[in-house]
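Undergrad: Let me give you the structure first, and then I'll get to my questions.
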C-alpha cells in the first residue's frame, strides 16, 4: 500500500511540536523531559472545550496542529483516532463513582467515556461529515491506526487525518497498565501526492523483522511503554530525511514494515 | 462496490443462543426484554439479558462477562467449524478479525473498583486489564479462539461499532491485507452503561416503544454476533453486503442532528456505492432506539431518502439496544429477513407518533424481501448504514 504523508504534529514530554522535535529526533540536540502544558485546542468552541478532558484535549491539540500546517480544508478530512485506553481519567472516574452509594455517574463524564469522544468533538470543531473511525489494538494501536488510515485513504480515495494517543491512567489502574507518559501524534495522509507533500510511504505486513528502536534511553522507554510512542522510529526516519525501512510491532505474529521515501 | 459474500453468521442475545432462536422470536413476535434483574442494579427499567453467563467461566485470563458472551456466541451454528474451513482455505494469516464493542469488559474493572484495598486503594491482584477491559481484548479473544493470524482491530464508535467493522473489513480485503474477514461485535451488560444512560435520562421504565407517541427511551441489551465476509465468486449464492455508508454528524456529542443530516449522508453513500436508487430497497431496519430525539432525527432522514412508503421497523423491542453489538445484530436480522422473506413488526409500538412520517410496520409481513438497509447511529455522531441483498 502506497500513500503520502503531508504533515505531522507531536505532543509528549520534551517533544512539543514537530519542528521543535526534529533536532531531538535526529540527535542534533539532546532530549530533555519537560512537563506537558495544559492544552487548549482553540478550534473547539470554549463551551465545548470546557466539557472535555485532558485526554481529549491532547488528541485534539495534535489534530489541530497537523491540519494548521496543511492547505487541505479541515472539513474535507476523514479521521482515524487510534488509542488503546481512550479517555483514561474518565474511565477511572466512572468506575470509582460506580463503587459509591447510589452510583452518581455524571452525564458529561458518561458521554466523554465513549472511545470515539475525541472523534465526535473533532467532527464538531472541523465540521467534517466524512467517515471517522475510532480503533484500538492494545500495544499495536499505532500500527493498526496506520493500517486503518491507509486503507481508508487508498480505498476511499480521500485524505485521512490519523491521530494516535494514549494518556496515562490515574492510580489505581496505572499499576495494571502503565503508559509512562502522555504521547500523541497526528499524521495527515493523502492517497496521491499533494503539492506540499514530501514523503511517500509504502506499507507491508510481514511475519518477520526486528523492531526498530530508539537509541536514546528515555525515548526508548517511552516507545515501549506508550502504544502511540511506537511511532517514534517512524518519526525519526522522517526527521532524518533519509530513505529506508522502519519496522513497527503489529500483532504478536507480525510486523508492519514502513518504507519511507524521503526526497 | 464489489459485493462481499456473507458466507456464515451467528447470533446470540436475549432471544436465545444461535440464529434459530432469533428467527423464531422475530417471526412469532416474542420479545425478550425483562424487568431489570442485573447484579444489584436498582434502576427501574427493562433489559435484554442473556441467561447463563454467570456460570460460563472461561478458565484463563480472558474470563469476564463480555468474553463469556463472545464464547457462547462462537459456539453456535457451527460457526467455529465453518471458520476452520475458511482458515484451511485461505490460510490463518489471510483471515482478518474486525470486532466492534463499546464497553468491552469494563464490568470486570467496575467490580475491581468495588473491591479496592481499603488502605492503599489498590485493585485486587487478580485484576486483569489487558485481557478483559482493554478495547482490543474482545478481538484478541476471538482471534485466539478461532486460531486466526491475519490483521485484527477493535472498532469502538459507540452504537455504530459493529456496523463499521463491515466497512473496515471491506477496505482491508480491497487493499490486499486479507482475503476473508470475521466481522462481529459483542457488548454485555455493565453498570457504566446502565447508570450512564440513566444519568442522561435516556433509560425507559417500560419496554421500549420506538416511534410511539409515548416512547420514553431505551432498554439496554447484550449480544454477540459474528459473520464471515469473503469476496463473492460467481457460484456463491446467499446473502451479501452490497454496500456501506459512513458519516459524521459534526453536530453534538450525544444528540443526533435534528434534521438527520449525518444519517442522510450515511444512507445516501451506501446507495451511491451500490449504484442503486432508494426505490429498490424493500425494507429499512431502523436504528430505532426509542428515545424522543433519536427517532425524530432518524424519521427525518429516512423519509428524506425513502419517502413515506418504504416499510420500516426497529427490532430494539425484541433485544433492547445492544450498543456496540447493535450493528452486527441488526445486519444479521436483515440477512434473516432476506433469506426467509419477512419484515418484522416494530414490537411494542402501539400508536405511532403523528409527527413522524416513516412507514412503520405494526404487524409482521411475509413477502419477498431482496434488499434491506440497516442503520446504526452512535454517540459522537458516528453513523453507518449497511445495504444487504442477495447474490
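The values are calculated or read from the model by the stated rules, or taken from the named source; none is laboratory data. Quick caveat: nothing in here was measured; it's all calculated off a predicted structure. Cβ sites come from the backbone with ideal geometry, for glycine too, and all protein chains shown count toward neighbours.
Undergrad: When residues of the range B:203-238 are filtered for being assigned to a strand (DSSP E or B) and buried (at least 24 other Cβ atoms within 10 Å of the Cβ), how many remain?
TA: Residues that pass the stated criteria total 10.
Undergrad: What residue, among those in the range A:130-156 that are surrounded by 24 or more Cβ atoms within 10 Å (Cβ to Cβ) and either at pLDDT below 95 or touching a helix residue (DSSP H, G or I) at 6+ places or on another chain (Cβ under 6 Å) (or both), is farthest from the other protein chains (Cβ to nearest Cβ)?
TA: So the residue we want is A:142.
Undergrad: Return a yes/no flag: does the range B:173-187 have any residue that is at the interface with chain A (Cβ under 8 Å from one of its Cβ atoms), modelled with pLDDT of 95 or more and within 19 Å of the chain's Cα centre (by Cα).
TA: no
Undergrad: Name the one entry in B:383, B:348, B:375 that is closer than 19 Å to residue B:265 by Cα, modelled with pLDDT of 95 or more, more than 14 Å from chain A (Cβ to nearest Cβ) and in contact with a helix residue (DSSP H, G or I) (Cβ under 9 Å, 6 or more places away or on another chain). Before the answer, list the steps.
TA: Numbers: B:383 fails: more than 14 Å from chain A (Cβ to nearest Cβ); B:348 fails: closer than 19 Å to residue B:265 by Cα.
Of the residues listed, the single one that is closer than 19 Å to residue B:265 by Cα, modelled with pLDDT of 95 or more, more than 14 Å from chain A (Cβ to nearest Cβ) and in contact with a helix residue (DSSP H, G or I) (Cβ under 9 Å, 6 or more places away or on another chain) is B:375.
Undergrad: It is to be established whether one or more residues within the range B:39-54 are free of Cβ contacts under 8 Å to residues at least 24 places away in the same chain, in contact with a helix residue (DSSP H, G or I) (Cβ under 6 Å, 6 or more places away or on another chain) and part of a loop (DSSP other than H, G, I, E, B).
TA: No, the range B:39-54 has no match at all.
Undergrad: Could you check, for the range B:252-264, whether at least one of its residues is away from chain A (no Cβ under 13 Å), in contact with a strand residue (DSSP E or B) (Cβ under 6 Å, 6 or more places away or on another chain) and farther than 14 Å from residue B:378 by Cβ?
TA: no
Undergrad: Answer yes if at least one residue in the range A:157-169 is modelled with pLDDT of 95 or more, more than 7 Å from chain B (Cβ to nearest Cβ) and part of a helix (DSSP H, G or I), and no otherwise. Before the answer, list the steps.
TA: Here is the first cut: in the range A:157-169, the ones modelled with pLDDT of 95 or more are A:157-169.
Cutting the leftovers down to more than 7 Å from chain B (Cβ to nearest Cβ) gives us A:157-169.
After this cut, where a residue has to be part of a helix (DSSP H, G or I) as well, the list is none.
Checked the range A:157-169: no residue is modelled with pLDDT of 95 or more, more than 7 Å from chain B (Cβ to nearest Cβ) and part of a helix (DSSP H, G or I).
Undergrad: Could you tell me which numbered condition residue A:237 fails, if it satisfies all but one of (1) more than 14 Å from chain B (Cβ to nearest Cβ); (2) closer than 28 Å to residue B:129 by Cα; (3) in contact with a strand residue (DSSP E or B) (Cβ under 6 Å, 6 or more places away or on another chain); (4) outside any strand (DSSP E or B)?
TA: For residue A:237, the failing item is (2).
Undergrad: If you don't mind, there's one more thing I want to ask. Quick check, is residue A:179 more than 18 Å from residue A:79 (Cβ to Cβ), within 14 Å of chain B (Cβ to nearest Cβ), in contact with a strand residue (DSSP E or B) (Cβ under 6 Å, 6 or more places away or on another chain) and not in a helix (DSSP H, G or I)?
TA: yes
Undergrad: Okay, next question. Looking at the range B:144-171, which of its residues are in contact (Cβ under 8 Å) with a residue 40 or more places away in the chain, within 8 Å of another protein chain (Cβ to nearest Cβ) and surrounded by fewer than 24 Cβ atoms within 10 Å (Cβ to Cβ)?
TA: B:149, the sole residue that qualifies.
Undergrad: Please determine, by comparing only the residues of the range B:104-126 that are touching a helix residue (DSSP H, G or I) at 6+ places or on another chain (Cβ under 6 Å) and in a loop (DSSP other than H, G, I, E, B), which one is farthest from the other protein chains (Cβ to nearest Cβ).
TA: The initial filter retains those residues of the range B:104-126 that are touching a helix residue (DSSP H, G or I) at 6+ places or on another chain (Cβ under 6 Å), namely B:104-110, B:113, B:123-124.
If we keep only those that are in a loop (DSSP other than H, G, I, E, B) as well, we get B:104-105, B:123-124.
Numbers: B:104: 9, B:105: 12, B:123: 5, B:124: 10 Å.
Residue satisfying both the conditions and the ranking: B:105.
Undergrad: Continuing with this model, one more query. Is one or more of the residues making up the range A:158-166 over 26 Å from residue A:34 (Cα atoms), in contact with a helix residue (DSSP H, G or I) (Cβ under 8 Å, 6 or more places away or on another chain) and surrounded by fewer than 21 Cβ atoms within 10 Å (Cβ to Cβ)?
TA: yes
Undergrad: Can you spot a residue in the range A:216-229 that is within 12 Å of another protein chain (Cβ to nearest Cβ), touching a strand residue (DSSP E or B) at 6+ places or on another chain (Cβ under 8 Å) and either within 25 Å of residue B:95 (Cα to Cα) or surrounded by fewer than 20 Cβ atoms within 10 Å (Cβ to Cβ) (or both)?
TA: yes
Undergrad: Being under 21 Å from residue B:185 (Cβ atoms), more than 10 Å from chain A (Cβ to nearest Cβ) and buried (at least 16 other Cβ atoms within 10 Å of the Cβ) is the requirement here; does residue B:98 meet it?
TA: The answer is no for residue B:98.
Undergrad: Hey, can you tell me all the residues within the range A:109-125 that are more than 7 Å from every other protein chain (Cβ to nearest Cβ) and in contact with a strand residue (DSSP E or B) (Cβ under 9 Å, 6 or more places away or on another chain)?
TA: The answer is A:118, A:122.
Undergrad: Now for a different question. Would you mind stating whether residue B:134 is in contact with a strand residue (DSSP E or B) (Cβ under 6 Å, 6 or more places away or on another chain), closer than 22 Å to residue B:326 by Cα and either facing another protein chain (nearest Cβ under 9 Å) or crowded, with 24+ Cβ neighbours inside 10 Å (or both)?
TA: Judged against the criteria, residue B:134 is not a match.
Undergrad: Name the one entry in A:106, A:21, A:83, A:78 that is farther than 19 Å from residue A:183 by Cβ, touching a strand residue (DSSP E or B) at 6+ places or on another chain (Cβ under 6 Å) and at pLDDT 95 or above.
TA: Numbers: A:106 fails: touching a strand residue (DSSP E or B) at 6+ places or on another chain (Cβ under 6 Å); A:21 fails: farther than 19 Å from residue A:183 by Cβ; A:83 fails: farther than 19 Å from residue A:183 by Cβ.
Answer to the selection: A:78.
Undergrad: Would you check if residue A:105 is without any contact (Cβ under 8 Å) to a residue 12 or more places away in the chain, within 22 Å of residue B:384 (Cβ to Cβ) and at the interface with another protein chain (Cβ under 8 Å from one of its Cβ atoms)?
TA: Numbers: without any contact (Cβ under 8 Å) to a residue 12 or more places away in the chain: yes; within 22 Å of residue B:384 (Cβ to Cβ): no; at the interface with another protein chain (Cβ under 8 Å from one of its Cβ atoms): yes.
Taking the combined requirement at face value, the residue does not satisfy it.
Undergrad: How about the range B:20-51: which of its residues are exposed (fewer than 13 other Cβ atoms within 10 Å of the Cβ), in contact with a strand residue (DSSP E or B) (Cβ under 9 Å, 6 or more places away or on another chain) and closer than 21 Å to residue B:109 by Cα?
TA: Across the range B:20-51, the qualifying residue is only B:37.
Undergrad: Now for a separate question. Quick one: which strands (runs of 3 or more DSSP E) sit completely within the range B:290-391 and have at least 3 residues that are in contact with a strand residue (DSSP E or B) (Cβ under 6 Å, 6 or more places away or on another chain) and over 20 Å from residue B:11 (Cα atoms)?
TA: Because the criterion is at least 3 residues that are in contact with a strand residue (DSSP E or B) (Cβ under 6 Å, 6 or more places away or on another chain) and over 20 Å from residue B:11 (Cα atoms), no strands (runs of 3 or more DSSP E) in the range B:290-391 meet it.
Undergrad: Which condition number does residue A:251 fail, the rest of (1) closer than 30 Å to residue B:245 by Cα; (2) within 11 Å of another protein chain (Cβ to nearest Cβ); (3) not in a loop (DSSP other than H, G, I, E, B) being met?
TA: Every listed condition holds for residue A:251 apart from (3).
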